[in-house]
Structures are given as structure tokens and as C-alpha cells.
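Chemist: I have a structure I would like to understand better, so I am pasting it below and will then ask my questions one at a time.
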Amino acid sequence: MNTAGKHSPDTDIYRGPGVFRRILWLFPLCVLMGISFQRSVAQKSRDTILKVAATQFPVSGDIVQNAKYIKQFIRDAAARDADIIQFPEAALSGYPPADMPSFVNYDWDLLRAETNEIMSLAKETGIWVVLGSAHYLSEKEKPLNCVYLISNEGKIVDRYDKSMLTDGDLNHFTAGNHTVAAEIKGFKLGFLICYDSCFPEMYNIYRHKGVTIMFHSFYNARHKTKSILDEIIPAEIRVRASDNLMWVIASNSSADYSSWPTCIARPDGSLESLRRGIPGILYREFPDRQLTDNFASWTHNNKKMAMPAAEVYHNGTPSKHPRAVNTRSLP
């Protein structure tokens, strides 16, 4: 029989329907493998990127209202894949005397209950929380002005207590006397509060610890009008950043009148800010290799300041109470 012009099933040209079925079966497998690879690359990228969120809202003496802002911002930041979120000084507790006359008859039980809820939310959302608050010591001692470092597992892993107290602070708080450094995703983080910014030695001690990202929580709000704080604090933030080759994440209350908005300073001294007086979140990812709009990023001051052996890193008398020494306890 003449088979010229016909294809045999055994030739290289004709493969039959079975081959096409196999090809169609392999196609989705290849797609799935590609998706899996992309997800693996994306996850590896996420594992090396630290996304921070810095907040502002009108901090008040109402613990429940403060907690509502804090919880909502935690959810919002987690939805944006942030790794850590920072709140202003006294964000949960309120700040005397601006928000309440003093801590006399203060509802510490309510503060503890709301702190527990925030810790549970941190675990639920998988985000670290830098929570400005107050820490109870005893009936005979004034509380600590602090930030709690709450892990993404919902635990207080450390607490920084404001060390440099203003004259007004000394009427309401006990001074802290230690630093707190933590490492997340390979980035060394430090923690300070408000008036600490006025003292270069407070940044220098962290620089010697290898800190490159400083979470500095402030309360510069509820003033009657503009003051020197409007100028000096943003300037200090930029100088501390550039003099210590650090990024400074600086949150502030947005209550009227707020001296300046939440901002982030880079080691080159450039500054990015939220709008003054409006609750919100400012995000930044690290490593941060961003260039400014007007000039290429640059840094200076590669020579560390010395650390004098007799330097005192607090203003006021620190407490030896067990609740002061235990930096993982609840308020």
C-alpha cells in the first residue's frame, strides 16, 4: 500500500492526542512551579526587609480611647505587612499634666487590661509594637515613663524607661537608668523617649552598641500656641540622625497644638513627615537606600564620640524597686 503523504504514529512529526494531553497536563504544573518559585523569592525578600510604621494620634487621658487608636493602627499596619509599629510617648496611659492632673487615683487596672489586649493583638497580627505608656512601681514611688517592646508573639520582651526627665516630668515620674537594644531581621534597634533627644550622650551610647535604627517616641502636644519646640525638636532629630549615622523614627501626639508631626530622619539629615494634627501612619522599609529629590544621599561623622567613664545617663533618681528592675512586667 502506498503510504506516501501520510504520517505514521511512530514518526517524529505525529504524536497523537495523548501527547497533547500530556503537554496540557504539564502546563499547569509548570505554572504552579513558577508561582511557588516567585513566592519563595518574595518570602526570602520579606525575610530580609524590615518595614516600620510610625504613628500619630491625639493622645489623651482616656485610656480606652487611646487604646482604640492603637488597636486600629496595629491592624492597619499589619495589613500593610509592617514588621514593627511605634506609638508616641504615653500613647496608652496619657501624659500628665497635659492629659490628666496626675497619677493620683489613676486606673492602673484598666491600663493593664488594655495592655493585655494590645499584646494579644500583636500576637494575632504578628507585628512588633513599641508602646508608649506608664509603668506602676508602688504607692510610695512615682511611676516610670516608658515604652514597652511587645514582640510579634504578644510578649513584653523589654521596657525602656525615660532617663532624662524634665523638671515637669520629675513631678510625676521616676527616672530610668538603662538602655534597651533589640535585633529584628538583622537590624539593631534602640529606644528613647522625648527629652532624651536634648542629650547627645543618649545617642552616643546606642551608637557604641551598634544601633542603626532609633525608635524615639515623643509627646510635644497640647500646647497653647507655637513655641521653640516647633523648631528645636525636628532639628535635634535630624542632627542626632546625621551625627550618629542612624535612622530616627520619631512619633509624636497629633493633639492640638502639636509642635511637629511624626517624622523619620535619615543618616543624611533629610526628613519625611506626616501632616501635622491629622492621625496617620508613616511607613519606611529597610534597607533604605533612598536618595533625596535634590541631591544624592551622603553621610558624615564616621568617628564615634568617646564614652566618658563617669558619664551619667539619667536625670533624676532611678528606682531599685523590683518592678523597675524587671523590664518584662505588666504596668
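Chemist: If you check ALA309, ALA255, ALA296, which single one turns out to be at pLDDT below 95, more than 27 Å from GLY186 (Cα to Cα), out of contact with any strand residue (DSSP E or B) (no Cβ under 7 Å at 6 or more places or on another chain) and assigned to a loop (DSSP other than H, G, I, E, B)?
Modeler: Within the list ALA309, ALA255, ALA296, the selection yields ALA309.
Chemist: For region 161-181, how many residues meet the condition of being closer than 17 Å to ALA250 by Cα, out of contact with any Lys or Arg (no Cβ under 7 Å at 6 or more places or on another chain) and free of Cβ contacts under 8 Å to residues at least 60 places away in the same chain?
Modeler: 0
Chemist: Quick one: ALA82 ticks every box in (1) assigned to a helix (DSSP H, G or I); (2) within 19 Å of the chain's Cα centre (by Cα); (3) not basic (Lys, Arg) bar one, so which box is it?
Modeler: Of the numbered conditions (1) assigned to a helix (DSSP H, G or I); (2) within 19 Å of the chain's Cα centre (by Cα); (3) not basic (Lys, Arg), the odd one out for ALA82 is (1).
Chemist: Among the residues of region 151-169, which ones are touching a strand residue (DSSP E or B) at 6+ places or on another chain (Cβ under 8 Å) and either among the hydrophobic types (A, V, I, L, M, F, W, C) or over 14 Å from ASP196 (Cα atoms) (or both)?
Modeler: SER151, ASN152, ILE156, VAL157, ASP158, ARG159, MET164, LEU165
Chemist: In region 197-247, what residues are of a type in the set (Val, Ile, Thr) and either under 19 Å from ARG275 (Cβ atoms) or out of contact with any strand residue (DSSP E or B) (no Cβ under 7 Å at 6 or more places or on another chain) (or both)?
Modeler: ILE205, THR225, ILE228, ILE232, ILE233, ILE237, VAL239
Chemist: May I ask you to list the residues in region 188-213 that are without any contact (Cβ under 8 Å) to a residue 60 or more places away in the chain and of a type in the set (Val, Ile, Thr)?
Modeler: VAL211, THR212
Chemist: Could you grab me the full set of residues in region 290-331 that are farther than 14 Å from ASN204 by Cα, loosely packed, with under 11 Cβ neighbours inside 10 Å and of a type in the set (D, E, K, R)?
Modeler: ASP293, LYS320, listed by residue number.
Chemist: Which pairs turn up if I take residues in region 308-320 that are of a type in the set (Phe, Trp, Tyr) and look for partners that are at pLDDT 90 or above and outside any strand (DSSP E or B) with beta carbon separation below 6 Å, at least 6 apart in sequence or on another chain?
Modeler: Here the result reads TYR313/SER163, each pair linking region 308-320 to a residue that is at pLDDT 90 or above and outside any strand (DSSP E or B).
Chemist: Please specify each residue of region 209-243 satisfying the condition of being crowded, with 23+ Cβ neighbours inside 10 Å and over 21 Å from CYS146 (Cα atoms).
Modeler: Across region 209-243, the qualifying residue is only ALA241.
Here's the yes/no breakdown for (1) surrounded by fewer than 21 Cβ atoms within 10 Å (Cβ to Cβ); (2) in contact with a Phe, Trp or Tyr (Cβ under 7 Å, 6 or more places away or on another chain); (3) free of Cβ contacts under 8 Å to residues at least 12 places away in the same chain:
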residue: THR55; (1), (2), (3): no, yes, no
residue: ASN66; (1), (2), (3): no, no, no
residue: ALA77; (1), (2), (3): no, no, no
residue: ARG80; (1), (2), (3): yes, yes, no
residue: GLU89; (1), (2), (3): no, yes, no
residue: LEU92; (1), (2), (3): no, no, no
residue: TYR95; (1), (2), (3): no, yes, no
residue: PHE103; (1), (2), (3): yes, no, no
residue: THR125; (1), (2), (3): yes, no, no
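Chemist: Can you spot a residue in region 8-27 that is at pLDDT 95 or above, outside any helix (DSSP H, G or I) and of a type in the set (D, E, K, R)?
Modeler: Within region 8-27, none of the residues are at pLDDT 95 or above, outside any helix (DSSP H, G or I) and of a type in the set (D, E, K, R).
Chemist: Quick one: LEU165 ticks every box in (1) crowded, with 16+ Cβ neighbours inside 10 Å; (2) among the aliphatic types (A, V, I, L, M); (3) closer than 17 Å to ILE85 by Cβ except a single one, so which number is it?
Modeler: Exception for LEU165: condition (3).
The values are calculated or read from the model by the stated rules, or taken from the named source; none is laboratory data. Keep in mind it's a predicted model, so treat the numbers as computed, not measured. Please note: Cβ atoms are built from the backbone with ideal geometry, for glycine as well, and neighbour counts cover all protein chains shown.
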